[in-house]
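Structure first, then comments.
The values are calculated or read from the model by the stated rules, or taken from the named source; none is laboratory data. These figures come from a predicted structure and were not determined experimentally. In this analysis, Cβ positions are derived from the backbone assuming ideal geometry, glycine residues included, and neighbour counts consider all displayed protein chains.
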Amino acid sequence: MTAQHHEAQSWTKPIVWGIAFGLFQAFSPLAFFWLEPVVVWALSVVLIASVYIGFAVADGRTTVVAVEVIVASAFVVMAAVAIKSAPWLIVIALVGHGIKDSWQQRTHFVANTRWWPPFCLVVDFVAAAVIALKMLTARG
């Protein structure tokens, strides 16, 4: 087995699971039918952003923890604003977080997250695409 084949194979599961979770996230408002979809999506953005705080704490470097808390806080603010006045911020936040995942994968800023960034990038981009499509095709 070549190194390239092994590397491609190692990304298959995170990508497949990323697609599944991205679709789950996009359609998660169906499970919380009593809430507005933007509220459910905003909560998921907060959850996604906060995961890296846990990774940063596990990494243990003060700078990494500080940066990840600041970044997660920015996503929390975006989610809150989206709920009240700008639902499209959810899509922007997901795409932004996917870009952050890509950066994390290249730089390994937070240690020991080898499989997580590609998984989360796929979740973010799939959810953003489906949510954007849902918003564009919504009647109202």
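Sub-8 Å Cβ pairs linking a first residue in the stretch 120-140 that is more than 25 Å from Phe55 (Cβ to Cβ) to a second residue that is surrounded by fewer than 17 Cβ atoms within 10 Å (Cβ to Cβ) and aliphatic (A, V, I, L, M), at least 6 apart or interchain, are Val130/Leu23, ordered by first then second residue.
Any idea how many residues of the stretch 93-119 are of a type in the set (A, V, I, L, M, F, W, C), in contact (Cβ under 8 Å) with a residue 24 or more places away in the chain and under 16 Å from Val71 (Cα atoms)? Residues meeting the conditions: 5.
Condition check ((1) buried (at least 16 other Cβ atoms within 10 Å of the Cβ); (2) assigned to a helix (DSSP H, G or I); (3) at pLDDT below 95) across all residues:
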| residue | (1), (2), (3) |
| --- | --- |
| Trp103 | no, yes, yes |
| Asn112 | no, no, yes |
| Pro118 | yes, yes, yes |
| Val122 | yes, yes, no |
| Val126 | yes, yes, no |
| Arg139 | no, no, yes |
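For the stretch 57-73, a tally of residues being closer than 30 Å to Ala132 by Cα and surrounded by 13 or more Cβ atoms within 10 Å (Cβ to Cβ) returns 6.
The set of residues in the stretch 80-90 being buried (at least 21 other Cβ atoms within 10 Å of the Cβ) and either under 12 Å from the mean Cα position of the chain (by Cα) or of a type in the set (Phe, Trp, Tyr) (or both) consists of Ile90 alone. If I go through the stretch 17-49 residue by residue, how many of them are of a type in the set (Val, Ile, Thr) and either at pLDDT below 95 or under 11 Å from the mean Cα position of the chain (by Cα) (or both)? Here the count works out to 3. Looking for whichever is in contact with a Leu (Cβ under 9 Å, 6 or more places away or on another chain), closer than 16 Å to Gln104 by Cβ and surrounded by 14 or more Cβ atoms within 10 Å (Cβ to Cβ) here; the options are Ile53, Ile48. Which one fits? Of the residues listed, the single one that is in contact with a Leu (Cβ under 9 Å, 6 or more places away or on another chain), closer than 16 Å to Gln104 by Cβ and surrounded by 14 or more Cβ atoms within 10 Å (Cβ to Cβ) is Ile48.
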